[in-house]
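Asks: Got a structure for you, questions after.
The values are calculated or read from the model by the stated rules, or taken from the named source; none is laboratory data. Bear in mind the structure is a predicted one, so any value in this text is a computation, not a measurement. Cβ sites come from the backbone with ideal geometry, for glycine too, and all protein chains shown count toward neighbours.
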């Protein structure tokens, strides 16, 4: 159900998303965006609209401090876990907590957060999650050296997934981190 694409470019993170809400063979075009800003962060979710609503309206992400990787894996993820648990979304399976999958950008860095709360930063400056992720990743790879602006690359990736995946549909929405004030 969906594709979320992200690019880290010149100190900012840019995300794009489709608008599909999928249940079995039923597809609904949703008005609520899957990508948005929350404080200095930009987030884009898949897995569950409930999780996305909590990320957008209930999650109060802590301000980043110190080593960003350490911060994201510990302080930030602990705040996320508490929010999802309080919102009734986090679940346990064989005594392991699970949530959903999404992208998050901060200070020009793009992370994937996986359903086991694993925090991943990719060697490429782009990432994608959702059922159309492989199609989108192909488009992001193919456009990496063409000098296109981030929004055009995101749109190309979204369009590729939209064209080839039954779980992806427009319209597309976009969100970016603000420029850091140095």
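Asks: So how many residues does region 3-57 have that are in contact with a helix residue (DSSP H, G or I) (Cβ under 9 Å, 6 or more places away or on another chain), under 16 Å from residue 172 (Cα atoms) and assigned to a loop (DSSP other than H, G, I, E, B)?
Replies: So the answer is 6.
Asks: Additional query: Residue 15: buried (at least 16 other Cβ atoms within 10 Å of the Cβ) and within 18 Å of residue 121 (Cβ to Cβ), yes or no?
Replies: Taking the combined requirement at face value, the residue satisfies it.
Asks: Across region 81-127, what is the number of residues that are touching a residue at least 60 places away in the same chain (Cβ under 8 Å) and assigned to a strand (DSSP E or B)?
Replies: Within region 81-127, residues that are touching a residue at least 60 places away in the same chain (Cβ under 8 Å) and assigned to a strand (DSSP E or B) number 9.
Asks: Which numbered condition in (1) under 19 Å from residue 37 (Cβ atoms); (2) in contact with a helix residue (DSSP H, G or I) (Cβ under 6 Å, 6 or more places away or on another chain) is the only one that residue 89 fails?
Replies: Residue 89 satisfies every listed condition except (1).
Asks: For region 143-160, what are the residues that are surrounded by 15 or more Cβ atoms within 10 Å (Cβ to Cβ), under 19 Å from residue 125 (Cβ atoms) and in contact with a helix residue (DSSP H, G or I) (Cβ under 9 Å, 6 or more places away or on another chain)?
Replies: Within region 143-160, 143, 153, 154, 156, 157, 158, 160 meet the criteria.
Asks: I'd like the full set of residues that are in a helix (DSSP H, G or I) and more than 15 Å from the chain's Cα centre (by Cα), limited to region 156-178.
Replies: Of everything in region 156-178, those that are in a helix (DSSP H, G or I) and more than 15 Å from the chain's Cα centre (by Cα) turn out to be 156, 159, 160, 161, 162, 163, 164.
Asks: Of the conditions (1) crowded, with 19+ Cβ neighbours inside 10 Å; (2) within 23 Å of residue 41 (Cβ to Cβ), residue 169 fails just one. Which one is it?
Replies: Checking residue 169 against (1) crowded, with 19+ Cβ neighbours inside 10 Å; (2) within 23 Å of residue 41 (Cβ to Cβ), the one that fails is (2).
Asks: Identify, by number, the condition in (1) in contact with a strand residue (DSSP E or B) (Cβ under 9 Å, 6 or more places away or on another chain); (2) at pLDDT below 95; (3) surrounded by 14 or more Cβ atoms within 10 Å (Cβ to Cβ) that residue 139 doesn't meet.
Replies: Failed condition: (2).
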